[in-house]
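See structure below.
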Amino acid sequence: MHIVHVHVRVKPEFAGPFRAATLENASHSVREPGIARFDVLQQADDPARFLLVEIYRSAEAPAQHKETAHYAAWRDAVAGMMAEPRSSVRYASVFPGEESW
């Protein structure tokens, strides 16, 4: 499994529109064969901060995800909402092992 945490801080006035656009993207993303899980989290004490937890089945799946129409639509829709560039951290699953997915 390939896990990516995407950290996002949007301008406060865009928290609602960002959330809506991201939920639309996530609803399509979870249907991709290469995605095992796609979580959208909003920080409780700062609603302008989000964490996307993306769990991919293969090393190729993140690049395949970025080629989809729904990802491109999301990327373009939220570009002007960002308070700062989004950042990501990649992880490898240690436990549970891939057989549990």
### Task
Give segment 80-90 a look and list any residue that's closer than 18 Å to residue 29 by Cβ and not in a loop (DSSP other than H, G, I, E, B), or say none.
88, 90
### Query
Being under 18 Å from residue 81 (Cβ atoms), touching an Asp or Glu at 6+ places or on another chain (Cβ under 7 Å) and among the basic types (Lys, Arg), is that true of even one residue in segment 5-25?
yes
### Task
Considering every residue within segment 63-78, establish whether at least one is surrounded by fewer than 11 Cβ atoms within 10 Å (Cβ to Cβ), in a helix (DSSP H, G or I), at pLDDT 95 or above and of a type in the set (D, E, K, R).
yes
### Query
Out of segment 32-52, which residues are outside any loop (DSSP other than H, G, I, E, B), hydrophobic (A, V, I, L, M, F, W, C) and over 22 Å from residue 69 (Cβ atoms)?
41, 51
### Summary
Taking segment 53-62 and keeping only residues that are of a type outside the set (Ser, Thr, Tyr) and either part of a helix (DSSP H, G or I) or surrounded by fewer than 16 Cβ atoms within 10 Å (Cβ to Cβ) (or both), one is left with 53, 59, 60, 61, 62
### Query
Pairs under 9 Å by beta carbon, first residue closer than 20 Å to residue 7 by Cβ in segment 46-64, partner aromatic (Phe, Trp, Tyr) and exposed (fewer than 13 other Cβ atoms within 10 Å of the Cβ), six or more apart or different chains?
55/101
## Note on the structure
Flagged in segment 3-31 as outside any strand (DSSP E or B), among the charged types (D, E, K, R) and surrounded by 15 or more Cβ atoms within 10 Å (Cβ to Cβ), in numbering order, are 19
### Query
So, of the residues in segment 32-52 that are surrounded by 12 or more Cβ atoms within 10 Å (Cβ to Cβ) and among the acidic types (Asp, Glu), which turns out to be farthest from the chain's Cα centre (by Cα)?
32
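The values are calculated or read from the model by the stated rules, or taken from the named source; none is laboratory data. If you're wondering where the values come from, they're calculated on a predicted model, not measured in any experiment. Cβ atoms come from the backbone with ideal geometry, glycine included; neighbour counts cover every protein chain shown.
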